[in-house]
1. Measuring from centroid to centroid over Cα atoms, what is the spacing of segment 432-472 and segment 301-319 in Å?
2. Set the Förster radius R0 to 30 Å, insert the Cβ-Cβ distance between GLU56 and ASP551 as r into 1/(1 + (r/R0)^6), and round the FRET efficiency to 0.05.
3. Taking Cα atoms, how many degrees apart are the long axis of helix 333-346 and the longest axis of the chain, rounded to 10 and kept between 0 and 90?
4. Within 10 Å of each candidate Cβ there may be at most 11 other Cβ atoms; applying that plus a DSSP loop requirement, which trypsin sites (Lys or Arg not before Pro) in segment 188-275 survive?
5. Could you compute the FRET efficiency for ASN31 and ASP251, with r as their C-beta to C-beta distance and R0 at 56 Å, rounded to 0.05?
6. Along the charge dipole of the chain, which of GLY348, LEU223, ALA294 sits closest to the positive end, that is, farthest toward it, with unit charges on the beta carbon of Lys, Arg, Asp and Glu (+1, +1, -1, -1)?
7. Where nothing but the Cβ of Lys and Arg (+1) and of Asp and Glu (-1) is charged, how large is the charge dipole of the chain around its Cα centre, in debye to the nearest 20?
8. Explain nothing, just the number: dipole magnitude of segment 60-327 about its Cα centre with +1 on each Lys and Arg Cβ and -1 on each Asp and Glu Cβ, in debye rounded to the nearest 20.
Amino acid sequence: MTLLARAPGRHDSPPPEVTVTDVGPLVVGRNVAEAMALANAYLKDRQEPDGWWKGELETNVTMDAEDVLLRHFLGILDDGTVAAAAAERIRSQQRPDGPWATFYGGPGELSATIEAYVALRLAGDDPDEPHMARAAVWARQHGGVESARMFTHVWLAMVGRWDWEKLPAIPPELVFIPADWPLSIWSFACWARQTIVALSVISAHRPARPLPFEIEELKSGRLARGRRLSALGMALVGLDKALHYYQSLPDRWWPKRMVRGAALREAERWIVARQEADGSWGGIQPPMVYSTIALVLQGYPLDHPVIAAALRGLDGFAVDDETGRRIEACQSPVWDTALAVTALLDAGTAADDPAVKAAQDWLLQKEVTVVGDWSVKRPGLAPGGWAFEFENVHYPDIDDTAEVVIALRRALADPSADASCRRAMDWLVGMQCKDGGWAAFDADNTSELPTQLPFFDFGVVTDPPTADVTAHVVEMLAGETSTRAGHEAMQRGLDWLSCHQEPDGSYWGRWGVNYVYGTGAVLPALIAAGVPAKDPRVADGARWLIEHQNDDGGWGEDLRSYVEPGWRGRGASTASQTAWALIALLAAEERDHPATKSGVEWLVRNQTADGTWDEPWFTGTGFPWDFSLNYHLYRHVFPLTALGRYSLGTGPRPKGGKPITG
């Protein structure tokens, strides 16, 4: 078989030809059935007594550095224990040339390097030590503190090493803007909204709790190069100047005093009302740290129940082991448990197996039954669904909900599960966006204004529909089409997917890396919804995957594919990405294709002795390119799913009846 492969970084040159040979069922003494059985046992052994699974959600050293900075700001870093453990972890992640990257094998990143360096100095590392000197030289060569991202500047301002006047004005009065007005907090994605409200309080107070040292060695002495702005962006710069003028007015001026005081009280109320049962906000690190700081600035003592719960919640995100202390940006038990159930069922575990039953019972306990922030755009819609984390009732998400329903339906769940699935389906149908797609948390959160703000230079600030989330909902609805509303929603979702296929046949992946993830999600959904395997939408996607198989039989894609076209579908082979490609090819009826057999061989050959796979590469996405994730359970559940579907023929199959066309 001849495959076409594009070399990383080469945009226009013709791709080389790569030959992949057919393989048999036996590889290095272990066959597919044995590999599957070993992986099945490994997964069952790691189930928690309550029925759930959770793999570590590995990120980068900015989480660890900001934990140290937060403790300095709050005055609780005195004993040095946390700083020392965090410093051990941070040092271990430094690149030989001095900087820190934001993902495994990635290039140095300026803001991560500055935050890591400052945290190490707080832990006692001397700036003259070789590793510190290398970091400082690299930082200066790449623009220094002056060129860091806005959020790094916020941290430096809070510790007295950056001027608040150089930061954007984020007034707490934002909380008074009606939801349907431009630039209200509801114009932003839920993760950005929670962060912005907290930052508005911090920005109003402009705190400075200085570091015990200067950071002159990190300054380049050069002005940072601003990004090119649109006409709208320039207008928003003017708005920022006006807000700075308002900020400069004396607090004793009674109109400002009254309005600002009311805004701070409302922002405080808004923040407190959204704290979760585990002390977090939204179950993610940025709102947790900024909300904690905001409330402390509003006068909450450290022993206040809200702050005490927040600090316990932050400690619950810490992983302490022989490599030091590191912080998870989030935790994923609901997501991991749903994927684990699907993997077990695909690999032949019976639906009434105790492991499946325990997971089902735990998932049912985590159903969200209260109205959250999503209701601002969908008033009157009854709640339903699941969140990603242990506790996050304000922000159930569409992706988790779809995957949980798929898992519960396949587990032959009891009548109570049926009721939960029906509530979830109704909620998902109600959360469909106007254009027919689905986003992660909100409906129709697609305003262009937040994306034009010149000072938001990190991550995604809105929540538009994406192919991977839409595909998961379509796949779920394919088994829930007993209602007309569900069938119509599925059809609109299929139409959306048809319109968003890339010219080369692939699909862009928002929450996983990247085109391999998107294509791996969409093809099984199309098949489940009744699209024939010969349909161009399926066939072109399968062809794209086959063309991007690596020489060793696996698949991989680097994070740089989000910003450099030459990396699309290209990177070191990984277990999770190989599995995504196989899941798609199996759905597309390519089981006997040599590429599929080579991929299965890669999984079997690279399985570890204890039944799992090693995967240091980051294949999960927080913000495309800007913030990446390594889901430690991905390396296991997706290969197990792929092996099961290859060996047992489980998973989405073409449905009978009239095929659905785009």
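1. 31 Å
2. The value I calculate is 0.50.
3. The helix 333-346 is inclined about 10 degrees to the chain.
4. The qualifying sites are ARG222, ARG225, ARG227, ARG228, ARG252.
5. That pair, ASN31 with ASP251, gives E of 0.15.
6. Toward the positive end, the furthest listed residue is LEU223.
7. Using only the charged Cβ atoms, the result is roughly 1560 debye.
8. For this selection, approximately 1160 debye.
Quick note: the coordinates plus some simple rules give every number you see, no bench work behind them. This is a predicted model, so every value here is computed, not measured. Don't worry about glycine lacking a Cβ; one is built from the backbone with ideal geometry, like all the others, and counts go over all protein chains shown.
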